[in-house]
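Worksheet: one structure, shown below.
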Amino acid sequence: MTNRAIIVRSVLVIAACALMCTLAVGALFALRPPLIRSYEDQVAHALRSQRITYQQIRFGEMYPDRVNRQYGEYVGPITIAVYVTLNDGREVAGWVECRRIAEQCTLSLLDLGMRRAPLPEFSRQRALPWMEWLERTVADLWN
């Protein structure tokens, strides 16, 4: 009988530890800041921070500055037309301005009282170290 009680206690302790680990991991994921991977994520974050509820975010034309024209990932400054459909059905138009294609962006939605509100930077995706090593190795093989 004593061996059975020890086994039951051990199983209960292990189950409690597993449950606590699961809850801790869940809490870490819940407290993680939101990933900003697109202009839509940036605009949504700005609207949520102002407690503005919306149904949809759409984008129009992108207008690069014609005077200081650059190419590739360093293009800028740029302006992107933004159209936000609010929960009450109204559509609000504005724009996103960026110093470069995805850096130092601001949002202007004048009908909502937002003028050059700073937008969060895009989340940096870090590759796993072994993935970086694998990519370098494959590139070295092909070159």
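The values are calculated or read from the model by the stated rules, or taken from the named source; none is laboratory data. Treat the numbers as computed from the prediction; the structure is a model and nothing was measured. Positions of Cβ are generated from backbone atoms using ideal geometry, with glycine treated the same way; all protein chains shown enter the neighbour counts.
For residues that are in a loop (DSSP other than H, G, I, E, B), of a type in the set (Asp, Glu) and under 19 Å from the mean Cα position of the chain (by Cα), tally how many sit in the stretch 84-122.
1
Filter the stretch 7-49 for residues that are touching a strand residue (DSSP E or B) at 6+ places or on another chain (Cβ under 7 Å) and not acidic (Asp, Glu); which is surrounded by the fewest Cβ atoms within 10 Å (Cβ to Cβ)?
44
State all residues of the stretch 1-60 that are among the basic types (Lys, Arg) and assigned to a helix (DSSP H, G or I); if no residue qualifies, say none.
4, 9, 48
Which one of these is surrounded by 17 or more Cβ atoms within 10 Å (Cβ to Cβ) and at pLDDT 90 or above: 119, 110?
Being surrounded by 17 or more Cβ atoms within 10 Å (Cβ to Cβ) and at pLDDT 90 or above holds for just one of 119, 110, which is 119.
Here are the criteria: (1) surrounded by 11 or more Cβ atoms within 10 Å (Cβ to Cβ); (2) at pLDDT 80 or above; (3) at positive phi. Tell me which single one residue 93 does not satisfy.
If we test residue 93 against (1) surrounded by 11 or more Cβ atoms within 10 Å (Cβ to Cβ); (2) at pLDDT 80 or above; (3) at positive phi, just (3) comes out false.
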